[in-house]
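Q: Structure incoming, see below.
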Amino acid sequence: MPRMSLAQIAAQQQLERIAQLDDAGPQLNAVIAVNPDAPAQAMAAERAGLPLSGLTILVKDNIETRELPTTAGSLALKDNRTGRDAPLIANIRKSGGVILGKTNLSEWANIRDNNSTSGWSGIGGLTRNPHAIDRNSCGSSSGSGAAVAAGFAWGAIGTETNGSITCPASINGIVGFKPSVGIVSRTHIVPISSTQDTAGPMTVDVKRAARLLTAMAGEDADDPVTLTVPNRTADFTAGLASYSLAGVRIGVMRNQIGSNAQVREEFEAALADMEKAGAVLVDIEFDVNTAIYQDSFTVLMFELREEMGKYLRSLPGENMPRSLADLIAFNSANADMEMRWFGQDLFELAETTTDREAYEKARENAVRIAGAETLDMLLAKHDVQFLTAPTRGPAWMSDLVLGDQFNGSIGFGSPAAIAGYPHLTVPMGAVEGLPVGISFFGAKWADHDVLKLGAAYERVRSAALPQPGFTRWKAPAAE
């Protein structure tokens, strides 16, 4: 009998860990489906000497993989076996990565209704935060964030339209990177917005995120925005270990620290760590032009109907939904399973958002304000290379009856999401034992530089990071 390889052993142990902690025990509900062939595939990839060498990847279940269904968390797509790999998945396989399974998510990437509970889907139920299983894992890449925090895989893939990688990464205490739109192909990913959607890596540290992004990234003729990326980075890990904070000018978004005193305390400690290492911190007082929020919302509603229809019509299976209207009808016919806790107001609004002239005006306005008049302006006016703010507050109690309880005063992620610029979140500490992250932003296409900054911060971080307890939240002992 051939000797098991290290990658094969790791994959087998991860499948066992999923069975013990996700399917049983605390029942995190982070993983929807697993690939039982992953250990054998890991051994083959490791022996082939490929860059990822059989490392295991969990994939958000709105991204197609050939061996598993792609459901977007909805019972409407429970039989959606396309047999296709999204180009980003094909790229990962070529690099020696192994698809371990699919992760749970906020159904339809949290675009169905305003009153949803993040991390819930009709297929997977409610994802639980491994740091406190009665608390939320944020969305929509909830399963990917929780799974990485729980040690279920080497890394995971999430997707983001506005906050759906960075929020679950921060709240689950891991690294999440939303790349510039165009770095990674969106083909064969269940869509919301052609303007804002992107996939990105979710991992335990910045080096892994850069390594996974290197494998994921690439041009795709079926996603023309990927052909516009200037001077594509061949290796996002290059220079991470040697990047110095000495002399690096970082703009501190003071108005976006928010109202939570403990989050502020953790953020100030992170700033002190970077300043001690030589970073030049520049305080910035700035309030976002709120017009971008309504304009971006118009963009999302218009593009959701169009892009979802295109995706559904591409599905090879029979008796599949072919339009957003079909999904609305399915949810209405299966309301007891799909709409017990929240409805589909956003789906219904998107179905009626058909004014193309108003959409094009809103899109131009939102992208211009978020990009040129916010991020680009701030970087230039204050002569800084990066901007920083806390990512989000700590995890709130999950409540299927009342929905999410976001602290909207914390964070600066929306401009980067709306303009398609890079956004990295890195763990910076904890509030009452619950993880919180720090965000770093840069210019469009400055993805490599933002990752280098994040890696440099990791090296100087003084905060102790919390470890998952897989139990209900309990207040830590006072120091």
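Just so you know, all these numbers are worked out from the coordinates, no wet-lab data involved. None of the values given here were measured: they were computed from a predicted structure. When we count neighbours, we look across all protein chains shown, and the Cβ atoms used for this are built from the backbone with ideal geometry, even at glycine.
Q: Testing the spin-label approximation: label points 7 Å from Cα along Cα→Cβ at Trp341 and Glu318. State their distance in nm.
A: 3.6 nm
Q: Test of understanding: extend the Cα→C-beta vector of Asp222 to 7 Å, then name every residue of the stretch 32-76 with backbone N under 18 Å from that spot.
A: What the label zone holds, given the 18 Å backbone N cut-off, is 60-72.
Q: Assuming a ≥ b ≥ c are the square roots of the Cα gyration tensor eigenvalues, decide whether the chain counts as rounded (a/c under 1.5), prolate (otherwise, with a/b larger than b/c) or oblate. Walk me through the numbers before you get to the answer.
A: On the way: a/c = 1.29, a/b = 1.10, b/c = 1.18.
Rounded shape, in that the Cα axes give a/c under 1.5.
Q: Further question: Taking Cα pairs under 8 Å and at least six residues apart, what relative contact order does the chain come out at, in percent?
A: Numbers: 1173 pairs, mean separation 87.3, N = 479.
It comes to 18 percent, rounded to a whole number.
Q: So, one more: How would you rank Arg128, Arg461, going from fewest to most other Cβ atoms within 10 Å of each one's own Cβ? It would help to have the intermediate numbers written out before the result.
A: Values: Arg128 26, Arg461 19.
Listed from fewest to most nearby Cβ atoms, that is Arg461, Arg128.
Q: Determine the gain in length on full extension of the stretch Gln262-Arg472; use 0.36 nm per residue of separation and subtract their C-alpha separation, reporting nm with one decimal.
A: Values: separation 210, 0.36 × 210 = 75.60 nm, distance 2.08 nm.
Answer, rounded to one decimal: 73.5 nm.
Q: Still on this structure: So, in Å, what gap is there between the alpha-carbon centers of the stretch 20-56 and the stretch 187-228?
A: For the stretch 20-56 versus the stretch 187-228, the Cα centre distance is 21 Å.
Q: Same structure, new question: As an exercise, use a Förster radius of 35 Å and the Cβ-Cβ distance of Gln294 and Ala333 to find the FRET efficiency, rounded to the nearest 0.05.
A: Numbers: r = 32 Å, r/R0 = 0.92.
In this case the efficiency is close to 0.60.
Q: Moving on. Mind listing the long-range amide H neighbours of Asn62? Cut-off is under 5 Å, sequence gap 5 or more, other chains count too, H placed in the peptide plane at 1.01 Å from N.
A: Ala72
Q: Sticking with this one: Taking the Cα centroid of the stretch 316-365 and of the stretch 232-295, what is the distance between the two, rounded to the nearest whole Å?
A: 37 Å
Q: Would you order Phe441, Phe342 from fewest to most other beta-carbon atoms within 10 Å of each residue's own beta-carbon?
A: Lowest to highest Cβ neighbour count: Phe342, Phe441.
Q: Tabulate in residue order the Karplus-calculated ³J(HN,Hα) for the stretch 426-432, using 6.51 cos²θ - 1.76 cosθ + 1.60 with θ = phi - 60°, rounded to whole Hz; enter x for Gly and Pro.
A: Once θ is set to phi - 60°, the couplings for the stretch 426-432 become 10, x, 10, x, 8, 10, 6 Hz.
Q: At a Förster radius of 22 Å, what calculated FRET efficiency corresponds to the Cβ-Cβ distance of Met377 and Arg232, to the nearest 0.05? Let's see the in-between values first.
A: Working: r = 26 Å, r/R0 = 1.20.
The value I calculate is 0.25.
Q: Let me ask something else. At 0.36 nm per residue, minus the direct Cα-Cα distance, what do Asp283 and Phe406 gain on full extension? Give it in nm, one decimal, please. Mind dumping the intermediate values first?
A: Values: separation 123, 0.36 × 123 = 44.28 nm, distance 2.54 nm.
Taking 0.36 nm per residue and subtracting the Cα distance, the gain is 41.7 nm.
Q: Let me ask you something else. Distance from the Cα centre of the stretch 386-434 to that of the stretch 83-155, in angstrom?
A: What the calculation gives is 17 Å, centre to centre.
Q: Which order results if Arg81, Arg363 are arranged by neighbouring Cβ count within 10 Å, fewest first?
A: Numbers: Arg81 17, Arg363 20.
Placing the least packed residue first, the sequence is Arg81, Arg363.
Q: My understanding is that a pair violates if its Cα-Cα distance is over 32 Å; which of Lys102/Lys276; Lys178/Lys310; Lys178/Lys361; Lys94/Lys310 do that in this structure?
A: Lys102/Lys276
Q: Once the piece of chain linking Ala272 and Glu432 is laid out straight, how much longer is it, given 0.36 nm per residue of separation minus the C-alpha distance between them?
A: On the way: separation 160, 0.36 × 160 = 57.60 nm, distance 2.07 nm.
Once the chain is fully extended between Ala272 and Glu432, it gains 55.5 nm.
Q: Need one number: % antiparallel among DSSP beta bridges in the chain, to the nearest 5.
A: 65 percent
Q: Where in the stretch 440-455 does the label zone of Asn255 land, with the point 7 angstrom along Cα→C-beta and an amide N cut-off under 14 Å?
A: Answer for this model: none.
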